[in-house]
Amino acid sequence: MSECSVRIEKDGGIIVSNSVVIDGHGDVPTRVRVVTHVHSDHTVNLASSVRSSYRIFGTHITLSWLPVLGYSIGSSMSLSYGSRVKVGDIYVELVKSHHIPGTAQVLVESERGCRVLYSSDFKKPGVGTPIVEADTLVVDAVYGRPSYVREFDDVIEVLLVDLVRQLLSEGSVYIYGYYGKINEVMELLRSGGIDAPFVLPPKVYMMTKKVESLGSRVGDYLLAGSREAEEVMRDGWYVYLDHTTRAQRRVPRGTNSVVLSGWEFEKPVRKLTTRTWHVAFSDHSDFRGLIYYVTQVRPSRVYVVKARSNGAEEFAAYLTKKLGIREVTVV
Ligand SMILES: [Zn+2]
């Protein structure tokens, strides 16, 4: 089987077969850039790609969220999971990933038979994140050290919903997380039977409108500052969801706050102050999930992208020594 060429740029951009660049900027003659999802470490130098008239490929949700988050995207093409599009000499396919809404793995295949897979961000490999086999795997070792293990990952969703339900019995709840994760949590709360109205600041509100227009059911949600939202807030029974950088701001007296964090390995739920809780809700597989993913992809060559990894060298060493993968490169 022939090999597709892979080059990783300094900004984390992945160039495959000199035909597409993924999640960073780089020179490719076809001028196609794939954005796997809207998190800022995957949209680096997007403005450069747009300025150079690159066509932006992404899922429907990703392409509709990018402008809400302030990116201009120029010419774009939305791809559904599983559909293939020809770019130069290769085919590009987006594969579903369980991370934030719209996230995709990228499979590049050539007519000569080589297959390159970029994992992007994911959790629940083999369950929410389908796994495809590829000769070459490009992976971000977000939790690349063997100590980055969360024993409670399987129950964290239930614990979060239970905590919010319990706190709602005392009054309103403020939840803080990254863009996209907030939408995942909203879905989780609704499927867990929480029907309190959501109050959302403008960006989150707009993002939610977009996912709803693409078929997601979000239930009752209101724009913070609107008359309806003010009324609901006076009643004192609602869930306010905002970006994690706003977690330090003052909240109304007597309300509880929940801060979502991926960097907690000891305890799933930790009480920080009388009314603040830390919940170890991550959108990434831990170390064991990453290793499982790699074993199922069955690659003969692996690139670990340093720009988006924590413990890239340790992860690479593990792949070589424990999994016996001979060609492992940290770039
Ligand atoms: Zn991400």
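Out of the total accessible area of the chain (probe 1.4 Å, heavy atoms of protein only), what percent is carbon and sulfur? The computed percentage sits at 48. Using the Cβ-Cβ distance between Ser226 and Glu133 with R0 set to 51 Å, the FRET efficiency from 1/(1 + (r/R0)^6) comes to roughly 0.55. For segment 209-322, count all C-alpha to C-alpha pairs, find those more than 24 Å apart, and express that count as a whole percent of the total. Cα-Cα pairs in segment 209-322 separated by more than 24 Å: 53 percent. Extending 7 Å from the Cα toward the beta-carbon at both Glu157 and Gln296 defines two label points whose distance is 1.4 nm. Accessible area per residue for the chain, computed on protein heavy atoms with a 1.4 Å probe, is 44 Å². Computed about the Cα centre, the dipole magnitude for the chain is approximately 420 debye when only Lys and Arg (+1) and Asp and Glu (-1) carry charge, each at its Cβ. Close lysine pairs were tallied over segment 229-331: pairs 8 or more places apart or on different chains with Cα atoms under 29 Å apart number 4. Would you please state the base-10 log of I(q)/I(0) at q = 0.22, 0.30 1/Å for segment 238-302, with intensities from the Debye formula using one equal scatterer on every alpha carbon? Values, matching the q order: -0.96, -1.36. When both bridge partners sit in segment 156-279, DSSP labels roughly 20% of those beta bridges antiparallel. Each residue of segment 258-273 is assigned a 3J(HN,Hα), and the resulting list reads 10, 9, 8, 9, x, 10, 9, 10, 8, 10, x, 10, 10, 8, 8, 9 Hz, derived from the Karplus form 6.51 cos²θ - 1.76 cosθ + 1.60 (θ = phi - 60°), x at Gly and Pro. The angle separating the long axis of helix 312-321 from the principal Cα axis of greatest extent in the chain is about 60 degrees.
Taking the DSSP beta bridges with both ends in segment 238-294, the antiparallel portion is around 50 percent. Phi angles across segment 5-20 convert, under the Karplus curve 6.51 cos²θ - 1.76 cosθ + 1.60 with θ = phi - 60°, into 3J(HN,Hα) values of 7, 10, 10, 10, 7, 4, 7, x, x, 10, 9, 10, 6, 6, 10, 9 Hz, Gly and Pro given as x. Descending by average beta-carbon neighbour count within 10 Å, the peptides 86-96, 284-294, 134-144 line up as 134-144, 284-294, 86-96, the highest first.
Over the C-alpha trace of segment 156-279, radius of gyration and Dmax come out as 13.6, 42 angstrom. Where both bridge residues fall in the chain, DSSP classifies roughly 40% of the beta bridges as antiparallel.
Close amide H contacts of Tyr174 (hydrogens built in the peptide plane, cut-off under 5 Å, sequence separation of 5 or more or a different chain): Tyr240, Asn256, Ser257, Val258.
Stokes-Einstein D for the chain at 20 °C, 1.002 mPa s, Kirkwood Rh over Cα pairs, in µm²/s? It diffuses with D of about 103 µm²/s by this estimate. Of all aspartates and glutamates in the structure, the ones whose alpha carbon falls short of 16 Å from that of Lys124, not counting any fewer than 8 places away in one chain, are Asp140, Glu151, Asp153, Asp154, Glu157, Glu184, Asp283, Asp286. Report the trypsin sites (Lys or Arg not before Pro) located in segment 189-253 that are in a DSSP loop and have at most 14 other Cβ atoms inside 10 Å of their Cβ, or state none. Sites meeting the loop and neighbour criteria: Arg217, Arg249, Arg250, Arg253.
The values are calculated or read from the model by the stated rules, or taken from the named source; none is laboratory data. This structure is a prediction, so every number in the text was calculated from the model and none was measured. Don't worry about glycine lacking a Cβ; one is built from the backbone with ideal geometry, like all the others, and counts go over all protein chains shown. These accessible areas exclude ligands, DNA and RNA; they are computed on the full protein's heavy atoms, side chains included. Shrake-Rupley method; radii C 1.70, N 1.55, O 1.52, S 1.80 Å.
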